[in-house]
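See below for the structure under consideration.
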Amino acid sequence: MSTHTTTDGARPADALRAGDGPRHVAPSAAAKKIGGVAGWVDDRTGAAKPVGYLMKKVFPDHWSFMLGEIAMYSMIICLITGAFLTFWFIPSAGHTIYDGSYVPLRGQSMSEAYSSTLHISFDIKGGLIIRQIHHWAALMFIVALTVHMFRVFFTGAFRKPREINWVIGTFLALLAIIEGFAGYSLPDDLLSGTGIRAMAGFTQTSPVIGTYLVYGIFGGPFPGEMIIPRLYSAHVLLIPAILVGLFTAHIGLVALQKHTQYPGPGRTNDNVVGYPVMPVYAAKAGGFFFIVFGVIALMGALVQINPIWAYGPYDPSPVTAGSQPDWYMGFADGALRLLPGWLEFHFLGFTLSLNIALGALVLLPLVYTVLGIYPFLERWVTGDQREHHLLDRPRNAPTRTGIGMAGITAYTVFMFAAGNDIMAIKLGMSINDITWFFRIALFVAPPIVFWVTKRVCLSLQRRDRDTVLHGRESGTIVRTPDGRFFERHEAGLPEDQWLLVQHDAVAPLQLEPEVDEHGVARPAARKDRLRERLSRFYFADAVNPVTPAELAAAHHHGHETEAIEAPAHAGEVESAGAAERH
Amino acid sequence: MNEQDHTAPGTEVTPTDGHGSAVRLDEGHVVGTGGLPERFTNPGLPTHVPRMADLDEAAARRAEKQVATLFGISILGTLLFIVLYFALDVNQTVFVPGVGETSATNVGLGVCLALSLLGIGLGAVHWAKTLMPDHEVVEERHPMRASDADRAEAVRVLTEEGGKSQITRRPLIKYTLGGAMALFPLGLALQVGGSLGPMPQKSLSLTWWNGGPSGPGEEPTFKPLRLMKDPENEPIKASDVTIGSVFHVMPEGLLPNPETGEGGAKHLLEEKAKAAVLLMRLDPSQIQSQKELAWGHEGIVAYSKICTHVGCPVGLYEQQTHHLLCPCHQSTFDVTQDCKVIFGPAKRPLPQLKITVDDEGYLVSAQPFREAVGPSFWERGQ
């Protein structure tokens, strides 16, 4: 503040014009006080400028922008409660005899990890609530980041200049599920131990190096005593460090590139319309952290999650029926259930188990690689080199929306396949039939969903055009003097119609002519032909927004009835009876 | 009605009837755009609609009270949390409708914590929505790319200034540096990779049934081992195995004494993970495999309990159909057909353990497993 005064004071008088007042009113007492502490910091860091800039930063408002916030806050809640849990959890597979207050397990031999988790659940006051909040927050984290990814995908928020952030986001999503798996495996209960058993099994089947890999990870034969401390080190140190680092880059890029916004009146590709951080976003986003934390605390208080005491300590020979991983590992587990056994091959004394490798080792990285490269693929196909800060309405990108829905369908089939045994029991059906249903659905459902989604999008776009061209049905029936009836259509106000016409018209890319201007054949590269085909796949049946000329033509069309009914409001009434309506 | 049939802007729109008197150019009867823009123009920000609290001081005061009440609830929640922390016993239970009998500290502390958090959160959001300014602010965006001059300067610094190191002129330095940088991680990688665990050696193909400890480096020699009930650790008389019954079995010497917890394998879980066996008795006429009959004893057959898919214990035996089902991924094995896979993702049958009876009538192993148990691995056929 004082610097400003000095600058003002030193300002040459000729810079002032008539009507210029003093640039600053005297700071209030509160401002002086903040200025005092902040001034001390600013003298040493020069933070006033960036802080002032950040406090004024504008964020657009939309409910779907909260999804990423939920993910961010759930992660922070995991970090807080996780730090608490480390104070009591003993990451050791060392054997101990349980003597805590959970009577059914007293006297049983178990690992220290399991015994200390029981201790947290039954003997540490409030330990169970922290454990349950931790687990619920982890589940919430992955649900929220998944739905956040859907939002980003379907609105095209991954387009230039945000491709890097999309790639960072896919890394975050992959790391989050690995982090989750490492976390729920730590208590060393029978259920999670069975999960580790399966993990050891499919690691062992990796071609060539499988046995070395599994002996390396487990420090010897399964289960050994090393896996719990190693998972612990990954869960509390390695992965969180990368998660937090990538997350910082993720949110930093959002600030640097400014948030995308939905289209609407006054919103353009060159501005951000919304509320500034101070005070509105500080209150809304800050308050939202407490809401997320509060809701998760309520879930922890009232809904039991992962009751490890009911499963018993891990032992490789017993098993519980209905063994399921946490939901986000479901798709990989489902893939393992669907893959047929004939994918295992034996040759020259070697065994190649594609029935396992495809589901357990290939699918997971494949899903995230496909996600990661999608923006680059779409950019290549569409040839779109512009920056995009206005989001697409999903209907305005029918092919992308269809692809996304098809992907979600395939993922969902895998995920539900991981529950085939539960379904068989609950529905009283044959597990073989359910498995076959999923096997077929995996190939049949995504194309159907793609097609249906795309048709729905195109229809919605046509309805948007219809609304703009013909107004809305008013429900008012008008009778003409010669006895004809028609419904009056209201032309919407330009302001609500803007949303329906704001997007760019699209068309497939054209191949360059096969002969150049001298008549010399110019064979199109295979790459170009592929690109042209893909471009047609994206845009061949595109429905483009109404142009002013089309609207003018449509309005003119309605004149014959208007002439009779409402000459004063030419253009606002459209004949419903006119068969030649567009 | 097909929007695809829409005439593109700038082309003739067919008149529908003789209604062709004077029309404006922009109404579509002429070739050309008729002076119309190609796109609609953005109407600009809508007018701001004031809220109740902006117009009415009473409404604003009401909002203030609501926000304060929410913050008050938070304060109460925290205080109650502290009270309950001291008042409740850690093992106390409480009946909550819809939840059932549950831990009192969990419900009490959790609900209080939720109140203290939700009070703050809902209060802050309500405050922001009712009382804080709701005029939308417009901030300009600028293209992400730096100016051409800045780009050129960055390239210049990299090449010209960086070039002053003479790296391009002195290939000896360039290549040795490249080599050194490429190689230095190898030492660290070798340390961690090489020391993570021992080599498997033969241990994946051996089990306790080979005669004793079967970890890496062990060379057990075969001796017949009694089949012991798990977890009682008692030998099984062939005459006690009735048709339709099933036993969970471990080899003699593996399990510790159930009373004292002493004895047994040094690496108990590692041995159990390979040696677990299921023992079943079928009517011999139902068994379709000659080898299965020969390796059993009067219809008593023993199979590895470790699934050949990813190694879960095959825990579910259907007595009527003689099917074994793995609860993890639903591989189904038919005991009447030498545990062949009849459904699910596993490929190989469960390995059979050849058994016989000793002089006292107890079941004993006649030979170790003839193949590796559990999940497949690359060199298992070697």
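Quick note: the coordinates plus some simple rules give every number you see, no bench work behind them. None of the values given here were measured: they were computed from a predicted structure. Neighbour counts are summed over all protein chains in view; Cβ atoms, including those assigned to glycine, are modelled from backbone coordinates with ideal geometry.
What order do you get for B:THR47, A:THR476 when you list them from fewest to most C-beta neighbours inside 10 Å?
Least to most surrounded, the residues fall as B:THR47, A:THR476.
P(r) for chain B: what percent of alpha-carbon pairs falls in each 20 Å bin, starting at zero?
16, 20, 23, 29, 12, 1
If a paramagnetic tag sat 7 Å from the Cα of A:PHE350 along the Cα-Cβ line, which residues of the stretch A:207-239 would have the backbone N under 16 Å from that point?
A:207-213
Calculate, in whole percent, how much of the Cα-Cα pair population of chain A lies beyond 40 Å.
Value for chain A: 47 percent of Cα pairs lie more than 40 Å apart.
Give me the Kirkwood hydrodynamic radius of the stretch B:52-130, using the inverse of the mean 1/r over all pairs of distinct Cα atoms, in Å to one decimal.
One decimal place: 14.1 Å for the Kirkwood radius.
Could you work out the relative contact order of chain B? I mean the mean sequence separation of Cα pairs under 8 Å and 6+ apart, divided by the number of residues, in percent.
Relative contact order for chain B comes out at 10 percent.
Unpartnered cysteines of the protein assembly as shown (Cβ-Cβ under 4.7 Å counts as a partner)?
A:CYS78, A:CYS457, B:CYS112, B:CYS339
Can you give the percent of C-alpha pairs in the stretch A:84-226 whose distance is more than 26 Å?
That tail contains 43 percent of the Cα-Cα pairs.
At A:ASN269 and B:LEU190, where each label point lies 7 Å from the Cα along Cα→Cβ, what is the point-to-point distance in nanometres?
About 5.5 nm, to one decimal.
What ranking do A:ARG536, A:ARG151, B:ARG380, B:ARG61 get, fewest neighbouring Cβ atoms within 10 angstrom at the top?
B:ARG61, A:ARG536, A:ARG151, B:ARG380
For A:PRO91, what is the net charge nearby, where nearby means another residue's Cβ is under 12 Å from its Cβ and Lys, Arg count +1, Asp, Glu -1?
-2
Once you average over the residues of A:196-207, how many Cβ atoms of partner chains fall within 10 Å of each Cβ?
6
If r is the Cβ-Cβ distance from A:PHE376 to B:ASN42 and R0 is 35 Å, what FRET efficiency results, to the nearest 0.05?
Efficiency, from the Cβ-Cβ distance: 0.70.
Please give the length that would be gained between A:SER64 and A:THR320 if that part of the chain were fully extended, namely 0.36 nm times their separation in residues minus their C-alpha to C-alpha distance (nm, one decimal).
Stretched out fully, the A:SER64 to A:THR320 stretch lengthens by 88.2 nm.
Could you compute the FRET efficiency for B:GLU262 and B:LYS237, with r as their C-beta to C-beta distance and R0 at 30 Å, rounded to 0.05?
Efficiency for this residue pair is about 0.75.
Quick one: if you stick a label point 7 Å off each Cα along the C-beta vector at B:SER245 and B:VAL94, how many nm between them?
5.0 nm
Cα centroids of the stretch A:39-76 and the stretch A:195-249: how far apart, whole angstrom?
What the calculation gives is 36 Å, centre to centre.
Using only C-alpha atoms and all pairs of different ones, pull out the Kirkwood radius for the stretch A:66-320 in Å with one decimal.
20.3 Å
GNM, chain B, Cα, under 10 Å: largest mean-square fluctuation among B:VAL90, B:VAL341, B:VAL246?
B:VAL90
Pop out the Kirkwood hydrodynamic radius of the stretch B:208-365 from its pairwise C-alpha distances, inverse of mean 1/r, in Å to one decimal.
15.9 Å
What per residue convex hull volume, in Å³, comes out for the stretch A:168-231 when only alpha-carbon positions are used?
Output value, Cα hull per residue: 93 Å³.
Across peptide A:300-306, how many C-beta atoms of other chains are within 10 Å of each residue C-beta, on average?
That average works out to 5.
Report the calculated FRET efficiency for B:LYS65 and A:GLU487 (r = Cβ-Cβ distance, R0 = 56 Å), to the nearest 0.05.
The value I calculate is 0.70.
Peptide B:162-168: average number of partner chain Cβ atoms within 10 Å per residue?
Per-residue shielding by partner chains comes out at 0.
For the stretch A:98-119 and the stretch B:51-71, what is the separation of their C-alpha centers, rounded to whole Å?
Going from one Cα centre to the other spans 53 Å.
Could you rank the peptides B:183-193, A:227-237 by their average count of other C-beta atoms within 10 Å per residue, with the highest value first?
A:227-237, B:183-193
For B:MET250, B:MET181, A:MET140, which order do you get if you count the other beta carbons within 10 Å of each Cβ and list the fewest first?
B:MET181, A:MET140, B:MET250
Looking at chain B as a GNM with Cα springs under 10 Å, which of B:HIS323, B:HIS48, B:HIS297 has the largest mean-square fluctuation?
Looking only at B:HIS323, B:HIS48, B:HIS297, the biggest GNM fluctuation is shown by B:HIS48.
What does the convex hull of the alpha-carbon atoms of the stretch A:319-397 project to on average, in nm²?
Over all viewing directions, the stretch A:319-397 projects a mean Cα-hull area of 9.9 nm².
With the crude spin-label approximation of a point 7 Å out along Cα→Cβ, what separation in nm comes out for A:GLN385 versus B:THR321?
Distance between label points: 6.2 nm.
If the cut-off is 20 Å between C-alpha atoms, which lysines fall inside it for B:LYS129, apart from same-chain ones fewer than 8 positions away?
Of all the lysines, those that pass the test against B:LYS129 - Cα under 20 Å, at least 8 places apart if same chain - are A:LYS56, A:LYS57, A:LYS284, B:LYS65.
What angle do you read, to the nearest 10 degrees and between 0 and 90, between the alpha-carbon axis of helix B:104-130 and the longest principal axis of chain B?
Rounded to the nearest ten degrees, it is 20.
Run lengths n ≥ 4 of DSSP H only: what is the helix-derived mean residue ellipticity at 222 nm for chain A, with -39500 (n - 2.57) per run over all residues, to the nearest 500?
Using -39500 (n - 2.57) per qualifying helix, the result is -18500 deg cm²/dmol.
Quick check: Cα centre of the stretch A:313-355 to Cα centre of the stretch B:265-322, how many Å?
Answer, in whole Å: 19.
When you count, for each residue, the other Cβ atoms within 10 Å and take the mean per peptide, how do A:119-130, B:310-321 rank with the highest first?
A:119-130, B:310-321
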